[in-house]
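Below is one structure, written out as structure tokens, with a few remarks after it.
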Amino acid sequence: MSVIEVKDLSKVFGKRTKDALQLLDEGYSKEEILNETGCTVAVNKANFEVKEGEFFVIMGLSGSGKSTLIRLINRLIEPTEGNIFIEGEDISDLDKKSLLKVRREKLSMVFQSFALFPHRTILENAEFGLEIQNRDKEERRQKAQEALSMVGLGDYADQYPDQLSGGMQQRVGIARALTNDPEVLLMDEAFSALDPLIRKDMQDEMVEIQAKMKKTILFITHDLDEALRLGDRIALMKDGAIVQIGTPEEILVNPANDYVEKFVEDVDRTKVLTARHVMKRPETVNIDRHGPRVALERMRAEGISSILVVNNKRELQGYVITEDAVEARNQDVRDLHGILRTDIKQVTKDTPMNEIFPLIHNTPIPIAVTDSDDKLIGILVRGAIIAGLAKEGGVNEDA
């Protein structure tokens, strides 16, 4: 289900907007339209959907139109053309009263500036959204306290903004937005004003909050690493237009054009590429059906010195090595239970490569890649990892 849907949304600043829109339809560039009409195209026919519970990131350089776009979503800026749907309701033409109702009940926004009331306590700041809705005082205080606890500020409720660090103040802003229990959380460069270490802490905090609350989040940033870290999907903007939408992996592996390719060329791919990109089909034996002789034959055929062991459900059981299998065969052992080793390292297919390097560095056997049910879906070997990342430009082959 799409919670946000944007169709052919445009924003043109200036007096000759109709002429500018006509030139847009004819394929003129942002610069050409500015020279011809004196109008600035801030957003150019944006189309995208944000699904329920999705963390959707819009990113681009300064002047790309990303902050204008998020302000169009809740009509802090009025669109020149196009439609905005929130949970199926077209809010593009709502009157002020109806729009205010949507903002109070469905949307909350966190800005780059903390925008806290200095004369109010942290708790009073967090409950402000419910206060203007005339909600019961006890109810709003309870919800505000719960939101503050979620962002790690439960013990700071009675303090004032100037007693908190920048990162803590931004946490209050997030708590204030969460207190309203919105369907959609809009975040415009929310962490840009923070120091790098605090910013990373806030990103971690946001990941944890999203894991708990499963909010639909539209997040604006100019920082590619931040987008890759947070986003389920990313929309990359240039000159007011969306040039590519995709998962972090899709944008890194298959950039849509030269602009996107250049944009992502310096990214550390080991932080984004995952086990699924370099895993190989595993050779296995079945603990319920096979013995040492079958294991030895499979290892001989594949030229390997160890082999993974699964059961009839393809659940990973462990592995056996050549030496143990030879000894068991010589003793006429007919099953694998006595020689099964279980000290095997496992990762999921979504484990980032930078987390896999330390695991595979000193291990003599492959790493198993399993799904959420512990079923074996692939293996990782050091050579394949280095070759795969070298192909993507991610590591030096001598790494």
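The table that follows gives values for the structure above.
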{"quantity": "Residue order, fewest to most beta carbons within 10 Å, for GLU5, GLU355", "calculated": "GLU355, GLU5"}
{"quantity": "0 to 90° range, to nearest 10: angle between helix 137-150 axis and the chain longest Cα axis", "calculated": "40"}
{"quantity": "Within the chain, percent of DSSP bridges classed antiparallel, to nearest 5", "calculated": "60"}
{"quantity": "For the chain, built as a Gaussian network whose Cα springs stay under 10 Å, the top-fluctuating residue of GLN142, GLN331, GLN210", "calculated": "GLN331"}
{"quantity": "Whole-angstrom Cα spans of the stretch 143-243 along principal axes, big to small", "calculated": "46, 29, 21"}
{"quantity": "Sorted largest first, extent of the chain alpha carbons per principal axis (Å)", "calculated": "88, 57, 38"}
{"quantity": "Kirkwood hydrodynamic radius over Cα pairs of the stretch 85-134, then Stokes diffusion coefficient at 4 °C and 1.567 mPa s, in µm²/s", "calculated": "101"}
{"quantity": "Mean Cβ count within 10 Å, highest first, over the residues of peptides 22-28, 318-324", "calculated": "318-324, 22-28"}
{"quantity": "Environment charge of SER2, counting only residues whose C-beta is closer than 10 Å and scoring Lys/Arg +1, Asp/Glu -1", "calculated": "-4"}
{"quantity": "In nm, spacing of pseudo-spin labels at ARG314 and GLU87 (7 Å Cα→C-beta vector)", "calculated": "4.0"}
{"quantity": "LEU185, LEU376, LEU100 arranged by Cβ crowding within 10 Å, fewest neighbours leading", "calculated": "LEU100, LEU376, LEU185"}
{"quantity": "Rounded to whole Å, sorted largest first: equivalent-ellipsoid semi-axes of the stretch 275-391, Cα gyration tensor", "calculated": "26, 15, 11"}
{"quantity": "Greater than 24 Å apart at Cα, pairs in LYS7/LYS101; LYS30/LYS215; LYS30/LYS51", "calculated": "LYS30/LYS215; LYS30/LYS51"}
{"quantity": "Contact order relative to length of the stretch 275-391, as percent, for alpha carbon pairs under 8 angstrom and 6 or more apart", "calculated": "31"}
{"quantity": "FRET efficiency estimate (nearest 0.05) - Cβ-Cβ, LYS214 to SER113, R0 35 angstrom", "calculated": "0.80"}
{"quantity": "Label-point gap, in nm, between GLU49 and LYS349 - each point 7 angstrom along Cα→Cβ", "calculated": "2.3"}
{"quantity": "Using alpha-carbon coordinates, inclination of helix 196-213 to the longest axis of the chain, degrees", "calculated": "80"}
{"quantity": "Charge-dipole axis of the stretch 1-119 as Lys and Arg at +1 and Asp and Glu at -1 on Cβ define it, positive-most pick from PRO118, LEU9, GLY60", "calculated": "PRO118"}
{"quantity": "Hull shadow area, averaged, the stretch 324-386 [alpha-carbon convex hull, nm²]", "calculated": "5.4"}
{"quantity": "DSSP-defined antiparallel bridges as percent of all bridges, the stretch 275-391, nearest 5", "calculated": "65"}
{"quantity": "Nearest-20 debye value, the stretch 275-391 charge dipole, Cβ charges on Lys, Arg, Asp, Glu", "calculated": "420"}
{"quantity": "Percent breakdown of C-alpha pair distances by 10 Å bin, ordered from the shortest bin, for the stretch 1-78", "calculated": "18, 47, 27, 8, 0"}
{"quantity": "30 Å Cα-Cα threshold exceeded, pairs from LYS97/LYS238; LYS66/LYS96; LYS212/LYS349", "calculated": "LYS97/LYS238"}
{"quantity": "Net charge contributed by nearby residues that have their C-beta within less than 10 Å of SER67 (K/R +1, D/E -1)", "calculated": "0"}
{"quantity": "Cα centroid separation, the stretch 236-252 to the stretch 50-109 (Å)", "calculated": "19"}
{"quantity": "ILE198 versus GLN22: modelled label distance in nm, points set 7 Å from Cα along the beta carbon direction", "calculated": "5.1"}
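Values quoted throughout were computed directly from the atomic coordinates according to the rules given, and no laboratory measurement underlies them. Just so we're clear, the structure is a prediction, and the values are computed from it rather than from any experiment. No Cβ is skipped: glycine too gets one built from the backbone with ideal geometry, and neighbour counts run over all protein chains shown.
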